[in-house]
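Colleague: The structure's right below; bear with me while I get my questions together.
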Amino acid sequence: MQANAASDFISRFQFYLCHRNRRASLIGQQLTATGMLRSKVAVVGAGPSGLTMLKALREDGFAVTLYERRLRVGGLWAYSENPSHTTALPVTRANLSKFTCGFSDYPIPDKYPTYMQPHDFQEYMEDYAKHFDLLKDIVFGADVKLARRSDDDTRWLLDVERDGKTETVEYDRIAFCHGYQSKADIPTFEGQEKFEGVIMHSQAYRDPAQFKGKNVVVVGLSSTSGDIIPTLMPVANKVYVSHRRGAFPFSRYRNGTPNDLILNWRRRQIGNFFQRYLPRFSAWLADTSLPFLARRSFDFPFDPDWHLEPFPSITLNLPGSFELLFPYLRDGSLTSLRGLTRFTGPRSVEFADGTELTDIDAVLLCTGYNADWSAVAPFVTTSLPPVKSYDGPPLYRLYKNIFPPAYASTCALLCYSAFGKNNGFSFADVTAWAVSNVWRGVEPPPSRAEMESAIDTHQAWIATECYAREPYCDTSMVRQWEFQAWLHKAAGTGMENLGWGWQGWKFWWRDREMYSLMAHGVETAHAFRYFETGRRQTWEGAREAIVHVNQVVKERFPSEEEEAWWKGRR
Ligand SMILES: Cc1cc2nc3c(=O)[nH]c(=O)nc-3n(C[C@H](O)[C@H](O)[C@H](O)COP(=O)(O)OP(=O)(O)OC[C@H]3O[C@@H](n4cnc5c(N)ncnc54)[C@H](O)[C@@H]3O)c2cc1C
Ligand SMILES: NC(=O)c1ccc[n+]([C@@H]2O[C@H](COP(=O)([O-])OP(=O)(O)OC[C@H]3O[C@@H](n4cnc5c(N)ncnc54)[C@H](OP(=O)(O)O)[C@@H]3O)[C@@H](O)[C@H]2O)c1
């Protein structure tokens, strides 16, 4: 407790210094130079979240070591043969265009295609890590098995397995950036012990060789099945796709332009306004207009036999990128079935409408992922929402879905915030700055009681507005308008300069070109580094990068050729 008080004092002292100087970023450097308050931080995971966390914390004066169980940076974009590692497959292509994806101070080079592949992303992140000299602080091949508090509750102890040996290391702080999709979500079905074929989760799938000549049922119609089924089709004897609730198809292009370019900062803020003040109306509007747009994105009607409609609510389920399945659905080589309900024999499975297939060799579960809590679970508490009717799973108690209230000034978990991010990796920087600022005392966390109360309120919202409407929903859901607004404020991105208030008008008057590009142009992460706020470092290249990306988009789109490639691909 004494140490907690000391670290609280240090945080508040930093906060005082920071405001005295109005340059938070300098504080980290001053502290580092004196060496007095340098706090040791462990970051877990070298994906986009972990790399930006390492960089941001280091720039703010922390002494950071990152532990990564793979042998390369890139997170799930660094292809792994290990079947217990979630990995993007070589065939995977991003579901967002590169223009809205990259880091805030390291533009995605023009050489990459509009929708990047895993090796592109891995190379981009490798270059990023080299450019900012991050590799020297990363321990590869290091699997963090458990994080716990020291006996006197002053430090974090991490059990790290490397080369078959487990070592315990000590840190002042810890940031878990170990992924939102690290644990396979594996449903079990009645009678599955009778089945003699293969039951496999997509996490372990690497190539279709073992399914050659087989009859395969793929469970789940979303992005992963959208990746995997086209690889099965040429080799399997017959492929079925089973899903319970319909599926909202997402098309990468609309009228020759990447779909994510439709959203810009201004439109996002308008959406957030409606979500905040008229949530029911906003959900109704989204569920009416977006399906209309989705249908319009494809130049053929959806066959009722595909059971896509009625679409699950877009406000509680992200759309899946499975557009490459349509050629197979349309020519009948891929059959869409209702949800798989049970196994009825050594090769038999039954579906919700009573259909039974009796010659099935394999069931491939593309049923999604959760975050893996095994390394962190002991100290993150759970509770049931304070709502009597709620009969769902216990929910993790994290302030802003990031900080365990008992350890908010020393621990952050970036794996529990569905619907929280905006594009690709572009929010990773913002999240990292917010965490750093909370820890540095630039944005001190509220009192423990206030955090617990905020968590209760959030959990009540999950129970009444999410789970009650849709029991299959992801209970790590956040209200985007609230989550992102808080992160921007805590991070000090200065995006209020694009708002409708006085600052917004001032910026508009001073620099209309930039105002227009940032509010109405491509939603790039470089904007988050543009304004000087004293709460995080700016990047001098931001202006040029924003102008460049908008220029490229203007010149390249609409592109019938790019759209035709996706629409006609098989
Ligand atoms: C197949 C697939 C495709 C996707 N496509 C897109 C897309 O197109 N666009 C998009 O925006 N998002 C996509 N996502 C979402 C994905 O979450 C993000 O793109 C991004 O990878 C998240 O970054 P991260 O750093 O949080 O986690 P990850 O990329 O998952 O990285 C986590 C890292 O932590 C390491 N790790 C995990 N546990 C431990 C441990 N105990 N000890 C040490 N290291 C550990 C892992 O090895 C990994 O390197 C996709 C997800 C999947 C599964
Ligand atoms: N190319 C890409 O960009 C790409 C590729 C792969 C993955 N990803 C990302 O990775 C994440 C995971 O994607 P994912 O496709 O693996 O998972 P997902 O999007 O969560 O979809 C899981 C699917 O499984 C079904 N399902 C879930 N639990 C089930 C159960 N118990 N029984 C039967 N069906 C069940 C779901 O629909 P029902 O509940 O209605 O049945 C849904 O169709 C997403 O964020 C996605 O965007 C992206």
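The values are calculated or read from the model by the stated rules, or taken from the named source; none is laboratory data. Not measured: the values here are computed from a predicted model. Reconstructed Cβ throughout: ideal geometry from the backbone, glycine too, with neighbour counts over all protein chains shown.
Colleague: Restricting attention to strands (runs of 3 or more DSSP E) lying wholly within region 295-391, give those where 1 or more residues are more than 25 Å from Thr231 (Cα to Cα). Break it down stepwise before answering.
Modeller: Values: elements: 334-337, 340-345, 348-351, 362-365.
Where strands (runs of 3 or more DSSP E) fall fully within region 295-391 and carry at least 1 residues being more than 25 Å from Thr231 (Cα to Cα), they are 340-345.
Colleague: While we're here: Considering only region 79-106, state which residues are part of a loop (DSSP other than H, G, I, E, B), more than 15 Å from ligand 2 (Cβ to nearest atom) and crowded, with 23+ Cβ neighbours inside 10 Å.
Modeller: Result: Gly102, Ser104.
Colleague: Name every residue in region 255-284 that is within 25 Å of Phe99 (Cα to Cα) and touching a Leu at 6+ places or on another chain (Cβ under 9 Å), in order of residue number.
Modeller: Pro258, Asn259, Asp260, Ile262, Trp265, Arg266, Gln269, Gly271
Colleague: Has region 519-539 got at least one residue that is part of a helix (DSSP H, G or I), free of Cβ contacts under 8 Å to residues at least 60 places away in the same chain, away from ligand 2 (no atom under 16 Å from the Cβ) and not acidic (Asp, Glu)? Give the steps one after another, and end with the answer.
Modeller: At the first step, the residues of region 519-539 found to be part of a helix (DSSP H, G or I) are 519-520, 525-529.
After this cut, where a residue has to be free of Cβ contacts under 8 Å to residues at least 60 places away in the same chain as well, the list is none.
Within region 519-539, not a single residue is part of a helix (DSSP H, G or I), free of Cβ contacts under 8 Å to residues at least 60 places away in the same chain, away from ligand 2 (no atom under 16 Å from the Cβ) and not acidic (Asp, Glu).
Colleague: I would also like to ask the following. For Arg268, indicate whether it is over 19 Å from Ala88 (Cβ atoms), within 16 Å of ligand 1 (Cβ to nearest atom), modelled with pLDDT under 95 and not in a strand (DSSP E or B). Even if it seems obvious, please write down each step before you answer.
Modeller: On the way: over 19 Å from Ala88 (Cβ atoms): yes; within 16 Å of ligand 1 (Cβ to nearest atom): yes; modelled with pLDDT under 95: yes; not in a strand (DSSP E or B): yes.
The answer is yes for Arg268.
Colleague: Okay, moving on. Output the number of residues of region 358-367 satisfying the condition of being within 10 Å of ligand 2 (Cβ to nearest atom) and in contact with a Lys or Arg (Cβ under 8 Å, 6 or more places away or on another chain). Before you say what the answer is, go through the steps one by one.
Modeller: Let us first name the residues in region 358-367 that are within 10 Å of ligand 2 (Cβ to nearest atom), namely 365-367.
This time we only want the ones that are in contact with a Lys or Arg (Cβ under 8 Å, 6 or more places away or on another chain), so: none.
The number of residues fulfilling the criteria is 0.
Yes or no, residue by residue, for (1) more than 10 Å from ligand 2 (Cβ to nearest atom); (2) small (Gly, Ala, Ser):
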{"position": "Ile314", "(1), (2)": "yes, no"}
{"position": "Leu324", "(1), (2)": "no, no"}
{"position": "Leu329", "(1), (2)": "yes, no"}
{"position": "Gly345", "(1), (2)": "yes, yes"}
{"position": "Glu356", "(1), (2)": "yes, no"}
{"position": "Tyr369", "(1), (2)": "no, no"}
{"position": "Asp372", "(1), (2)": "yes, no"}
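Colleague: Identify, please: which residue in region 439-464 is over 22 Å from Ala491 (Cα atoms), without any contact (Cβ under 8 Å) to a residue 40 or more places away in the chain and not aromatic (Phe, Trp, Tyr) and is, among those, surrounded by the fewest Cβ atoms within 10 Å (Cβ to Cβ)?
Modeller: Ranking the candidates gives Ala449 first.
Colleague: Among strands (runs of 3 or more DSSP E) lying entirely in region 150-251, which contain 2 or more residues that are more than 12 Å from ligand 1 (Cβ to nearest atom)?
Modeller: Details: elements: 156-162, 165-171, 173-176, 198-201, 215-219, 238-242.
Because the criterion is at least 2 residues that are more than 12 Å from ligand 1 (Cβ to nearest atom), the strands (runs of 3 or more DSSP E) in region 150-251 that meet it are 156-162, 165-171, 198-201, 215-219, 238-242.
Colleague: Collect the residues in region 475-498 that are within 16 Å of ligand 1 (Cβ to nearest atom), outside any helix (DSSP H, G or I) and crowded, with 21+ Cβ neighbours inside 10 Å, keeping them in residue-number order.
Modeller: So in region 475-498, the residues within 16 Å of ligand 1 (Cβ to nearest atom) come out as 476-478, 480, 483-484, 487.
Filter again for outside any helix (DSSP H, G or I), leaving 476-478.
Met477, Val478, listed by residue number.
Colleague: Scan region 465-506 for residues that are in contact (Cβ under 8 Å) with a residue 12 or more places away in the chain and of a type in the set (Phe, Trp, Tyr) and report the count.
Modeller: Counting residues in region 465-506 that are in contact (Cβ under 8 Å) with a residue 12 or more places away in the chain and of a type in the set (Phe, Trp, Tyr) gives 5.
Here is a yes/no grid of residues against (1) closer than 25 Å to Gly420 by Cβ; (2) crowded, with 18+ Cβ neighbours inside 10 Å; (3) touching a strand residue (DSSP E or B) at 6+ places or on another chain (Cβ under 6 Å):
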residue: Gly197; (1), (2), (3): no, yes, yes
residue: Leu221; (1), (2), (3): yes, yes, yes
residue: Val241; (1), (2), (3): no, yes, yes
residue: Arg245; (1), (2), (3): yes, no, no
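Colleague: While we're here: Across region 52-82, which residue is farthest from ligand 1 (Cβ to nearest atom) among those that are hydroxyl-bearing (Ser, Thr, Tyr) and out of contact with any strand residue (DSSP E or B) (no Cβ under 9 Å at 6 or more places or on another chain)? Don't jump to the end; show me each part of the working.
Modeller: Step one: filter region 52-82 for residues hydroxyl-bearing (Ser, Thr, Tyr), giving 52, 65, 67, 79-80.
Cutting the leftovers down to out of contact with any strand residue (DSSP E or B) (no Cβ under 9 Å at 6 or more places or on another chain) gives us 79-80.
Working: Tyr79: 11, Ser80: 7 Å.
Going through the qualifying residues, I end up with Tyr79.
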